[in-house]
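Below is one structure, written out as structure tokens, with a few remarks after it.
Just so it is clear, none of the values below were taken in a lab; they were calculated from the coordinates. Keep in mind it's a predicted model, so treat the numbers as computed, not measured. Cβ atoms come from the backbone with ideal geometry, glycine included; neighbour counts cover every protein chain shown.
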Amino acid sequence: MNESADQKLERARKAFTSVAYGKFLGLELCELKSGEVSVCLDVREDLKQNQGVVHGGAVASLIDTAAAFVILTELPLAERVTTTDLTIHYLRPITEGRLLAKAKIVRGGRRIFVVNVEVTNAGRLVATAITSYLKLQQNAQNSQ
């Protein structure tokens, strides 16, 4: 089957709406196009740690979600991936605003995807990350 970019984008849109954890965090799909995805998150009190700064885990989830969905814009419909590593540099404390995580594929190989994600708040860079995803092996039944 020759898969179109539109089919891959539609799969990503549908998949995003089905991620319960993303709904729980309040993630929004702000931009979706082939090879580039932006996911947004409004800062709320319940996302902050006890010193009033957004918890690093919330930022990590935002980054990981943006990265996963940018891969879906390029990945064949029958294939799946899983995160193998995620390196984040937290550059500024976040106490308010709307976070925008913009993910771009650095390299999509036969087995590994490498993705760069930049997180901004009101146009200021607050975190940057590089992450890798491994294509999962299809079982023999799926490859027939």
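Points to keep in mind about this one:
- Helix 5-17 vs. the chain, principal-axis angle (Cα, 0 to 90°, nearest 10): 50 degrees
- Remark: 24, 69 ranked as 24, 69, counting other beta-carbon atoms within 10 Å and listing the fewest first.
- Rounded FRET efficiency, nearest 0.05, which uses the C-beta distance separating residue 112 from residue 11 and R0 of 30 Å: 0.90
- About its Cα centre, the chain has a charge dipole of approximately 240 debye under the convention of +1 per Lys or Arg Cβ and -1 per Asp or Glu Cβ, with nothing else charged.
- Label point 7 Å beyond Cα of residue 80 along Cβ direction - residues of the range 22-38 with amide nitrogen under 20 Å: 22-23
- Relative to the dominant Cα principal axis of the chain, helix 56-72 is inclined by about 30°.
- FRET efficiency for residue 51 and residue 104, using Cβ-Cβ distance with R0 set to 35 Å, rounded to 0.05: 0.65
- Legend: distances between Cα atoms for 23/48; 33/104; 48/104; 33/102; pairs beyond 22 Å are 48/104.
- Remark: C-alpha extents of the range 5-135 on the principal axes read 44, 25, 23 Å, sorted largest to smallest.
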